[in-house]
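So the structure is just underneath, and the comments pick up after that.
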Amino acid sequence: MNLPDIPQTIPNWIDGLSSAKSTDETFAKFSPATGKEICRVARSHSADVARAVDAAAGAFPGWSDQTAVARGDMLMAVTGAMRRHRDEIAATVAAETGMSLNAALAETGGAIALGEFMAGEGRRFYGRTTTSAVRNRVTMTVREPLGVAGLIIAANTPIANAAWKVFPALVCGNTAVLKAAEDTPATAWLFGRIAHQAGLPHGVLNIVQGLGEEAGAPLVADARVAVVSFTGSTAVGREIARIAGARLARVSLELGGKNPLVVCDDADLENAAKWTILSAFSNAGQRCAAGSRIIVFDAVYNRFRDMLIERTRRIKVGTGNDDDFGAVINAEQLDAILAVLERARQVGATVLTGGHRLVDSAHAAGYYLAPTIIENAAPDAEISVAELFGPVACLYRVPGFEEALRLANQSPYGLTACIHTRSVHRALEFTRRVQAGVAVVNAGTFGSEPHMPFGGVKSSGNGTREPGTEALDVYSNLKNIIMTFDPNQA
């Protein structure tokens, strides 16, 4: 599948120009659906990153001097351009990720909605006023930009991930360098082209292609980058926090998840099964919010397990709009998931369905994994604690609520969690006590919207939240302004 109107070699965007890299090195981007090379990608290095930061730093005084309203209006123009190019964006997302066109259209719509919400924050760029213990004094807070924002995104939802970081960073008055995910370079490049065609000033948004070690690491290390926002693995997040934290840069980390979905004995099992399938397998399980640990009360365990197996075997895998999900993003990820599954079998886990690569004529060339359900895995086994980022879910049997809650919290991660129950008492107690940044009742483990804060606890993040208005706290400083006056001079 050819990408629509995209260069054969995906370049950088630096200072408003589609820019060649400093060397002739490239790497291949392969289609998850077919395994075929679909483009080459600029293999940028520290010199390219430095040029991008130069451009962002040069554009910062002019962009930050604009009013928040003016910045929001400019970003609204970008979202309008995205809406006009929606089909082109979605086709690019589908080609690069292996998801269906309908799924890519839905993701693109979500990115546009996020952009519109954040653009609107230009007219709601609120501080606050408060009282003082000192007579004849008034005090207020205002938001101020930080400087250059270094934004590093993952490939699972590439246009949504870009929107989540770029729009709040820019509306706050920062300029940005976006490190594109190496598996979705064309989506990032197209986003940059649309933004610049919409009139975004040169240097405000710069996009660098390349590998994490060669392009992401120099961005994190650059002393001119005032804030680093990263979505990806916990291991990489820890390293980013160490490097950027050493120079006291602000760091926002949205990391992994191993999210529990609890099914109680009073649950609507049909509804629970529907949402379990969606949580575990949508986008081929490539969600940090995927429901990968399904914790079921003993009283309904066998019935619910059989329902899940039957529904999972009906799932259609492929890139068509009638398919339920597509391929995983690359061959390395597929091989890594298969290796974890094999090790799980060796230590006693049982594969109830799936557990293998699809090798029929329709799927053999791509990176397709059959939707997989596992049981009998120990709670502390590798498959129970490691984020796989694939269509794999483990079932666990528990006698009741306290054991379910204990198992839900028995994880290094704490991103999202869900409970299915008809009891408002159970629901409220679960949401109060579960160790997660997002707690859901009677739906899936995912479902963030543009105005909702998203992020986790423990190894799922460092406490920051994106998107929602809480994202403004990532990308701005608060200044307290104190004014005294003399009423006798009035």
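The values are calculated or read from the model by the stated rules, or taken from the named source; none is laboratory data. Keep in mind it's a predicted model, so treat the numbers as computed, not measured. Every residue, glycine as well, gets a Cβ built from its backbone with ideal geometry; the counts of neighbours run over all protein chains shown. Areas reflect the complete protein model, heavy atoms only, side chains present, ligands, DNA and RNA absent. Shrake-Rupley method; radii C 1.70, N 1.55, O 1.52, S 1.80 Å.
Within region 397-414, residues that are closer than 15 Å to Q435 by Cα sit with their Cβ atoms under 8 Å from residues that are open to solvent by less than 10 Å² (accessible area, probe 1.4 Å) and at pLDDT below 95, at 6+ positions apart or across chains, in these pairs: Y413/G256. Residue pairs whose Cβ atoms lie under 9 Å apart, sitting 6 or more positions apart in sequence or on different chains, and linking a residue in region 422-435 that is farther than 15 Å from A267 by Cβ and in contact (Cβ under 8 Å) with a residue 24 or more places away in the chain to a partner that is open to solvent by 80 Å² or more (accessible area, probe 1.4 Å) and not in a helix (DSSP H, G or I), are Q435/K458. Are any of the residues in region 304-313 assigned to a helix (DSSP H, G or I), among the aliphatic types (A, V, I, L, M), out of contact with any Leu (no Cβ under 9 Å at 6 or more places or on another chain) and under 29 Å from F430 (Cα atoms)? No, region 304-313 contains no residue that is assigned to a helix (DSSP H, G or I), among the aliphatic types (A, V, I, L, M), out of contact with any Leu (no Cβ under 9 Å at 6 or more places or on another chain) and under 29 Å from F430 (Cα atoms).
For N480, work out the one condition from (1) among the polar types (S, T, N, Q); (2) open to solvent by 60 Å² or more (accessible area, probe 1.4 Å); (3) within 18 Å of the chain's Cα centre (by Cα); (4) over 20 Å from N174 (Cβ atoms) it doesn't fulfil. Among (1) among the polar types (S, T, N, Q); (2) open to solvent by 60 Å² or more (accessible area, probe 1.4 Å); (3) within 18 Å of the chain's Cα centre (by Cα); (4) over 20 Å from N174 (Cβ atoms), N480 violates only (3). Quickly run through region 141-158 and pick out the residues that are farther than 15 Å from V208 by Cα, surrounded by 24 or more Cβ atoms within 10 Å (Cβ to Cβ) and among the aliphatic types (A, V, I, L, M). Result: no residue meets the conditions. Residue count for region 162-191, restricted to those that are outside any loop (DSSP other than H, G, I, E, B) and either surrounded by fewer than 24 Cβ atoms within 10 Å (Cβ to Cβ) or of a type in the set (A, V, I, L, M, F, W, C) (or both): 16. In the condition set (1) farther than 30 Å from A104 by Cα; (2) open to solvent by less than 50 Å² (accessible area, probe 1.4 Å), R137 is compliant with all but (2). With respect to the stated conditions, K479 fails to be of a type in the set (K, R), at pLDDT 95 or above and within 23 Å of I383 (Cα to Cα). Only residues that are within 13 Å of V78 (Cβ to Cβ) and either of a type in the set (G, A, S) or touching a Pro at 6+ places or on another chain (Cβ under 7 Å) (or both) were counted in region 103-112, giving 1.
Do any residues in region 13-26 that are at pLDDT 90 or above have Cβ atoms under 6 Å from those of residues that are open to solvent by 70 Å² or more (accessible area, probe 1.4 Å) and of a type outside the set (F, W, Y), where the two are at least six apart or on different chains, and which pairs are they? Correct list of pairs: I14/R51; D15/H202; G16/H202; T26/R40. Remark: pairs (first residue in region 462-490, touching a residue at least 24 places away in the same chain (Cβ under 8 Å); second residue in a helix (DSSP H, G or I) and among the hydrophobic types (A, V, I, L, M, F, W, C); Cβ separation under 6 Å; 6+ apart in sequence or on different chains) = T464/V474; E466/W164; P467/L114; P467/W164; Y475/A169. Of all the listed residues (I240, I207, I194), the sole one being open to solvent by less than 40 Å² (accessible area, probe 1.4 Å), β-branched (V, I, T) and out of contact with any strand residue (DSSP E or B) (no Cβ under 8 Å at 6 or more places or on another chain) is I194. If you check V225, V204 for being within 24 Å of T23 (Cβ to Cβ) and in contact (Cβ under 8 Å) with a residue 40 or more places away in the chain, only one passes: V225.
List the pairs whose first member sits in region 310-330 and is in contact (Cβ under 8 Å) with a residue 40 or more places away in the chain and more than 17 Å from N156 (Cβ to Cβ), whose second member is of a type in the set (A, V, I, L, M, F, W, C) and open to solvent by less than 30 Å² (accessible area, probe 1.4 Å), and whose Cβ atoms are under 6 Å apart, counting only residues at least 6 apart or on separate chains? So the pair list comes out as T312/I373. With respect to the conditions (1) surrounded by fewer than 18 Cβ atoms within 10 Å (Cβ to Cβ); (2) touching a strand residue (DSSP E or B) at 6+ places or on another chain (Cβ under 9 Å); (3) aliphatic (A, V, I, L, M), A47 lacks only one, and its number is (2).
The set of residues from region 429-448 being of a type in the set (V, I, T), crowded, with 17+ Cβ neighbours inside 10 Å and in contact with a helix residue (DSSP H, G or I) (Cβ under 6 Å, 6 or more places away or on another chain) comprises V434, T445.
Comparison of A52, A70, A47 shows that the only residue that is within 15 Å of A169 (Cα to Cα) and not acidic (D, E) is A70.
Residues in region 246-258 that are touching a strand residue (DSSP E or B) at 6+ places or on another chain (Cβ under 7 Å) and at pLDDT below 95: G256 alone.
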